[in-house]
1. Subtracting the Cα-Cα distance from 0.36 nm times the residue separation, let me have the gained length for ALA155 to ALA753 in nm, one decimal.
2. Using protein chains only and a probe of 1.4 angstrom, how many square angstrom of MET787 are accessible, to the nearest 10?
3. P(r) for the stretch 207-363, please, calculated from all Cα pair distances in 10 Å bins and given in %.
4. Would you mind giving the three semi-axes, in whole Å and largest first, of the ellipsoid equivalent to the chain according to its Cα gyration tensor?
5. Could you pull out every residue, at least 5 positions away or on a different chain, whose amide H is within less than 5 Å of the one on ASP83? Hs are placed 1.01 Å off N in the peptide plane, and Pro or chain starts have none.
6. Counting only protein heavy atoms, what percent of the accessible surface of the stretch 285-416 is carbon or sulfur at a 1.4 Å probe?
7. So what is the accessible area of the stretch 34-142 per residue, in Å², with the probe set to 1.4 Å?
8. Summing Lys, Arg as +1 and Asp, Glu as -1, what charge do residues with Cβ under 13 Å from the Cβ of THR738 carry, THR738 excluded?
Amino acid sequence: MEAKRSYTGYSRRGKTSRLVRLGEILSRSLITVGGIGTIVAVAMVCVFLVWVVYPLFLGATVKPQSSFASPAEVKRPLRTGMDEYQVLGWSLFADGTLQVYRLDNGQVVDRRALFPGRKLTACSTPSREEELAFGFYDGTVQLGRIGFGTRFPEAKEVPTALRDLPIGEIADFDGGILSRTPEGQLRAQKISVKLEEPIKPVEASAVKLIDTSMRPNGAVLSVLTADGKLRISAVTEREDLRLGKKTKELSGGELPLPPRGDGSLPRYLLLSGVGDNVFVVWEDGQFIRVSAQDIENPKVVENAEFLGQPGLSLTAVQFLIGKTTLLVGDSSGRIRAWFRTASPDAATADSAVMTPAHTLAGSGAAVTALAVSGRTRLMAAGYADGSVRLYYVTSEKSLAEVQTQKGQPIQDLAIAPKDDGLLAQTSSNMWRWAVNPGYPEVTLRSLFRPVWYEGYATPAHVWQSSSGSDEFEPKLGLWPLVFGTLKATFYSLLMGVPLALLAAIYTSEFLHPRTRALVKPTIELMASLPSVVLGFLSALVLAPFVEDVLPAVLACFLTVPGAFLLGAYLWQLLPEKLALRLGRRRFVFICAVLPLGIAAAALLGPGIERLFFHGNFKRWLAGGHGSSTGGWTMLLLPLAGVGVALFLAEVINPRFRRLTGRWGRFPSALADLGKFTVAFLATVALAWALGGCLNAMGFDPRGKLLGTYVQRNALVVGFIMGFAIIPIIYTISEDALTAVPEHLRSASLGCGATQWQTAHRIIIPTAMSGLFSAVMIGLGRAVGETMIVLMAAGNTPVMEMNIFNGFRTLSANIAVELPEAVPNSSHYRVLFVAALTLFAMTFVLNTIAEMIRLRFRRRAYQL
């Protein structure tokens, strides 16, 4: 039987040993398992991110808990509330009666008259601190607090029949409710009412409307009396040292309301959270805003309309948490959220106007009741048809809708202190639901689209996850972080990629092998520097240094490349024999040119600053004196350089070669030097001319492409990140260039091509897929970098391409905020959305990169 032959025609005589075969099988198995395991691990990371992020986009859940007849009263309550454990509720009625009842069956456990012998005429809306203000017919006002007290009684304090109360069961106890916690401890809940001493008015007139807010130095009251006067007063406390008694007095100013044709009185009176603005609202939608910044001299600063449509009437008005945003419900079922925004063109005394920022569409039935959360921008609306809806105001998201008894309007609503319950009352019944609002502040729109946040003049992309105030609204827009990531990557690649690729080409194609053996390992060692060290050096060393010598640093972008090119043209002036003799030391001469370029920048920088930027570049950036010509010239220099280079390559160089073809070495080199000098000056002149034209047309780069200088900025990040990615790009690029078959080089050089022509037309196109892979790996390093960006960029989530200010990236934000985020909070999960976004960005970029790399590889095969 004839032996099996290979394609060479010779049969294999040797026999593979079992050990080699075993090693091959093991190697193949390990590589296969390792590859599949890597793919699975990366996929599981993605699955984990999706698993954490998925609950953000689930809807709210509302489950009915109880329904019972309204306790003993058919009158509409002034105010309603419930405790945080949702076992007790209270209602205050117009006659001053307070009823406390169980929320499981409506049984009244306490009933008391809060103001015996006095006629209650007005009551404010409870604040999140449970503060209330009461107004009376005799003109007196009284501050108080209605809440719940919690204590954990000992077993001996509890009746024997209740000591074995099961978990989840409740029973009447001591005028309140006794329950057992999941931990097995007895807990007693009881209404807590604290009323301060009545405050006598300056003038006795019945109080019609009242509201209160708390300042750090005490309460502020706004009172509308029957005589049509608006009184704004601060509550001051005085102590009588003789009697040892403290009394409270009102001090402030008053303002007569502007007369109305129909003589109607306002229906709503609301005082802002810091007591600086009072809103007086009529039923037809007309309102006036009174400034109380000078409490002794209040004045009307705005007179406008809430509804804007004829035939509508206001049916409910309520402040959101913080008492800055007004919720206005009308007879059409529409709810709009209004807050003050700064407007230089506003025809108001304080240059601010009330703006309808959010609109919540209803069902068509009139809004009859509003309730707001004491923790978030969650609110509930009751309608005339008996329906109740939950909304999150900032995201304008409708969370849930429930129905009570059809045809019976909702009289009052209350949201549990923990946002986990909802209580509604009609004329005959009460309903209670357990609520899980989920994460209503997070939607795809709020993450990646502009959102109109409280106090902002327009919708904006904002990331601000925390604050020192409970009324703070988390702003979780991811676009500033995505923008910062792209900005960091752009400037890093802009500074790192050209240097790395040109260094790889020079090392591979022009550098002597002995020198190359020293240079390449040295550059590769740069990759071992930790990011923390680079970030520390950039923040504490490089950033202050760049700030001190900024004009010289910017001049380096012109003088250093110019010095290298000038040195190359001067090298051509050397005699041929001397140039060949010094050729091995060319790298030393190249390194010697660098200090000359830096020295030239140090000398020219101050002069350029005086000539183009009115003597102070940083002041010019901040909008100081000086035209925009200098800034445009700086920005247009690269574009002008490319334009001049193309003009030389397409128009001048062919004619120049024909003209100097028979010249000797020295005259040709001298002519080349002259051409370079003219081209260099033409580049600067072209950039300056274009800059002058843009300046004459009124365009200014400040505020868009350039802006105020910040010490930790994108310029510093570009330097340091370039330093971090150069070793990776350089190493892979140099390996790709070196891997090009040597016979291609030899064939090109044998045909008479120069080294540069060979590198440009043969080596680089062949190695293009490898070069592109190197750039993509460098891009991945730049996208995912954390510590350098965190320490060198200032970590400020701003959206400007200005190279002189900072930014915040996705990776830096995750590193900083994830350890401090509350587990399972919206902030915590949005950070995982940021991680998933970074993952998706990297995946998309890598996919595009691979497609381009394969195209380059096919082209290389064709070549």
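1. Full-extension gain reported as 205.2 nm.
2. Ignoring ligands and nucleic acids, MET787 comes out at about 60 Å².
3. Whole-percent P(r) values from 0 Å outward: 10, 37, 34, 13, 4, 1, 0.
4. 73, 38, 23
5. Answer set, sorted by chain and number: LEU88.
6. Whole-percent figure for carbon plus sulfur exposure: 47.
7. Averaged over the residues of the stretch 34-142, the accessible area is 48 Å².
8. Overall, the nearby charge balance is -1.
The values are calculated or read from the model by the stated rules, or taken from the named source; none is laboratory data. Computed from a predicted model, the values in this text were never measured in an experiment. FYI the Cβ positions are ideal-geometry reconstructions off the backbone, even for glycines, and counts take in every protein chain you see. Each accessible area value is taken on the protein alone, full model and side chains, heavy atoms only, with ligands, DNA and RNA left out. Shrake-Rupley method; radii C 1.70, N 1.55, O 1.52, S 1.80 Å.
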